[in-house]
Amino acid sequence: MINRYTVIGQPIAHSLSPVVHQLFGDLTQRKVKYTRTEATPETFESIVLDWQRSGAKGCNITAPFKELAVTVCQRMAPNAKRAGSVNTIEMHRDGALVGHNTDGAGLVADIVVNKRRVLQDSRILLLGAGGAARGVIAPLLDAGPTMLHVANRTSAKADTLASLFSDMGPVSASGYEALGDMAAFDVMINATSLSLNGEMPPLPNGLVGSQTLAYDMTYAKQDTVFMSWSRSRGADTSSGLGMLVEQAAESFFIWEGVRPKTRMVYPRLRELLS
Ligand code: NDP
């Protein structure tokens, strides 16, 4: 029997998730078929329910539906509940739709395991306060930083996120203008969608130094403007390709009960991106 999955978003044609999950299936000798599905805010719920009725085992949710996906789930894993954001739906045998968020686990795995960065006692700057930022705050705080500062164009959204997670650790918030007074960070994560348009947030020079890992959640063929800007100021840089792969591995584990060896898929993905 083939287990069927899809990724639902808008736009969706660019998504590499089908390639990643087919590779995971091959590596773990599981028969899986993984497709892409385009939705609109109006069709999203019926698409998810039709997918479930067709006998599929789950789906991933990507922008802009991660927050909307919370409303279709009957049960939520703690990480998704706290974030108010779902990127993985498990279509449970008992008929329930169970929401999970694997973005944060994926990001932390990429930074800590693949990039060998220590987050314990580090200073982290998170740029952006959208769906992606929501999903990663709890796992970042779990890693034990001394400071996690969220900066966003709409500073009220950053404030909301900081108060939502304030019981979990040292999280603060501001707009971009307040960053001028801050010392360099150990890890700076771009969770805005600006890189998709070849832009970057308005950042002062002093935020990065040779100790900084500048991590852009966006992945593309070339370095993003954010990565180039950071590297020219001495920082180490990374795209979000590793986050994509590691969050997918967490989803695969939820659905199939087996954890794929992620390092095996990177050469193929880099080939596809180039
Ligand atoms: P959202 O649309 O939910 O959030 C967008 C964010 O970008 C908001 O903080 C928004 O600020 C900010 N932004 C947009 N335009 C501007 C602008 N002109 N100036 C300043 N800030 C701006 O998107 P997501 O959070 O879902 O995704 C963000 C990025 O992360 C995307 O590029 C996505 O592809 C990537 N991503 C990558 C993943 C991976 O696995 N590698 C996983 C998830 C996401 P404001 O609130 O003020 O509007």
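Can you find a residue in region 107-117 that is at pLDDT 95 or above, on the phi > 0 side of the Ramachandran plot, away from the ligand (no atom under 16 Å from the Cβ) and open to solvent by 70 Å² or more (accessible area, probe 1.4 Å)?
Yes, that holds for at least one residue.
Evaluate the following for GLY99: is it assigned to a loop (DSSP other than H, G, I, E, B), over 15 Å from ASP216 (Cα atoms) and open to solvent by less than 30 Å² (accessible area, probe 1.4 Å)?
So GLY99 does not fit the description; no.
Given the options THR160, THR146, name the one that is within 15 Å of the ligand (Cβ to nearest atom) and of a type in the set (Val, Ile, Thr).
None of the other options fit; the residue is THR160.
Of the residues in region 216-239, how many are aliphatic (A, V, I, L, M), farther than 22 Å from LEU148 by Cβ and more than 10 Å from the ligand (Cβ to nearest atom)?
Looking only at that region, the number is 1.
Restricting attention to region 163-190, which residues are more than 13 Å from the ligand (Cβ to nearest atom), among the hydrophobic types (A, V, I, L, M, F, W, C) and open to solvent by 20 Å² or more (accessible area, probe 1.4 Å)?
Result: LEU164, MET168, VAL171, ALA178, MET182, ALA183, ALA184.
Under 8 Å by Cβ, and 6 or more places apart or on different chains, what pairs join a residue from region 168-190 that is part of a strand (DSSP E or B) and modelled with pLDDT of 95 or more with one that is more than 13 Å from the ligand (Cβ to nearest atom) and of a type in the set (Val, Ile, Thr)?
From residues that are part of a strand (DSSP E or B) and modelled with pLDDT of 95 or more, the pairs are VAL187/ILE124; VAL187/THR212; MET188/ILE124; MET188/VAL208; MET188/THR212; ILE189/ILE124.
Sort out which residues of region 191-215 are more than 16 Å from ARG153 (Cβ to Cβ), outside any loop (DSSP other than H, G, I, E, B) and either within 20 Å of the chain's Cα centre (by Cα) or within 9 Å of the ligand (Cβ to nearest atom) (or both), and write them in order of number.
LEU213, ALA214, TYR215
The values are calculated or read from the model by the stated rules, or taken from the named source; none is laboratory data. Keep in mind it's a predicted model, so treat the numbers as computed, not measured. Heads up, the Cβs are rebuilt from the backbone with ideal geometry, glycines too, and the neighbour counts pull from every protein chain shown. Ligands, DNA and RNA are excluded from the accessible area calculation, which covers all protein heavy atoms including side chains. Shrake-Rupley method; radii C 1.70, N 1.55, O 1.52, S 1.80 Å.
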